[in-house]
Amino acid sequence: MLKTFSIGGVHPHENKLSAHQPIIKAEIPAKAAILLGQHIGAPAVPVVAKGDYVLAGQLIAEAGGFVSANIHSSVSGTVKAIEPRTLATGGKCNAIIIENDGEYKEVEYTPAKLEDLSRDEIRERIKAAGVVGMGGAGFPTNVKLTPKNPENIDYIIVNGAECEPYLTSDYRRLLEESDKVVMGLKVALKLFDHAKGIIGIEDNKPEAIRIMKEKTANEPDIEVKELKTKYPQGGERCLIYATTGRSINSSMLPADAGCI
């Protein structure tokens, strides 16, 4: 039986117009304006100044508090200004303006094998990389992976529900970058002693379900769960109930129910 939450919900008319279009890289403009408020919490603090030359992948702004995230340059070039720019919300925050030299010279990065890293090292790498959630708030991932009682975490849930009628980004990610999704989940699972991984995908995406089941066939700690196609299946409270049967009230966080 398909998993879902208990009360209400609706299946709006689907308009998955880009479902069969592959992911492409956006064109980078001649000048890149990199906002310091790309995430919930305190804006990042610049560590570069006007006139500095920066590399692609270089740290250009540090987290401005515990709930904040590092920001890196997406281009190589010269910092032309640090000035206010308009956010999608209509407000303003400072942005680092970089004149793109088109060469994309990259900062040196030293990779590591997951099995060689301690939990603290994993969290530090996630923090240093400035990883944030892509659900809108941009919640810093290292904060989410550092709950008060890590021994109580039973499930790490990957939200592939994509319940809204126009969304296709989760679907394309699951199809095209399934190995990265599984590896990211394995990284998170290493941080907790008893946690199991769940990948929740609505049943209007059978190809994504098939691929993810193939990719996790030899992963005993990861299960793909098929969800009923229904909005708001992708809401965290609904998703947690659908995949684990655990309820969360408005005063609770997912970690209070043993979930991330």
Report task. Could you list all residues from the range 120-143 that are without any contact (Cβ under 8 Å) to a residue 60 or more places away in the chain, open to solvent by 80 Å² or more (accessible area, probe 1.4 Å) and either under 19 Å from residue 189 (Cα atoms) or of a type in the set (Val, Ile, Thr) (or both)? Result -> 120, 121, 124, 125
Report summary line: If we take the range 35-119, then strands (runs of 3 or more DSSP E) inside it with 1 or more residues that are within 19 Å of the chain's Cα centre (by Cα) and in contact (Cβ under 8 Å) with a residue 12 or more places away in the chain are 59-62
Query raised in the report: Scanning the range 197-222 for residues that are without any contact (Cβ under 8 Å) to a residue 24 or more places away in the chain and under 17 Å from residue 20 (Cα atoms), which turns out surrounded by the most Cβ atoms within 10 Å (Cβ to Cβ)?
Result: 209
Query raised in the report: How many of the residues in the range 187-209 are farther than 20 Å from residue 226 by Cα and not acidic (Asp, Glu)?
Result: 7
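The values are calculated or read from the model by the stated rules, or taken from the named source; none is laboratory data. Bear in mind that the values here come from a model prediction, so they are computed numbers and not experimental data. Note: ideal-geometry Cβ built from the backbone for every residue, glycine included; neighbour counts use all protein chains shown. Each accessible area value is taken on the protein alone, full model and side chains, heavy atoms only, with ligands, DNA and RNA left out. Shrake-Rupley method; radii C 1.70, N 1.55, O 1.52, S 1.80 Å.
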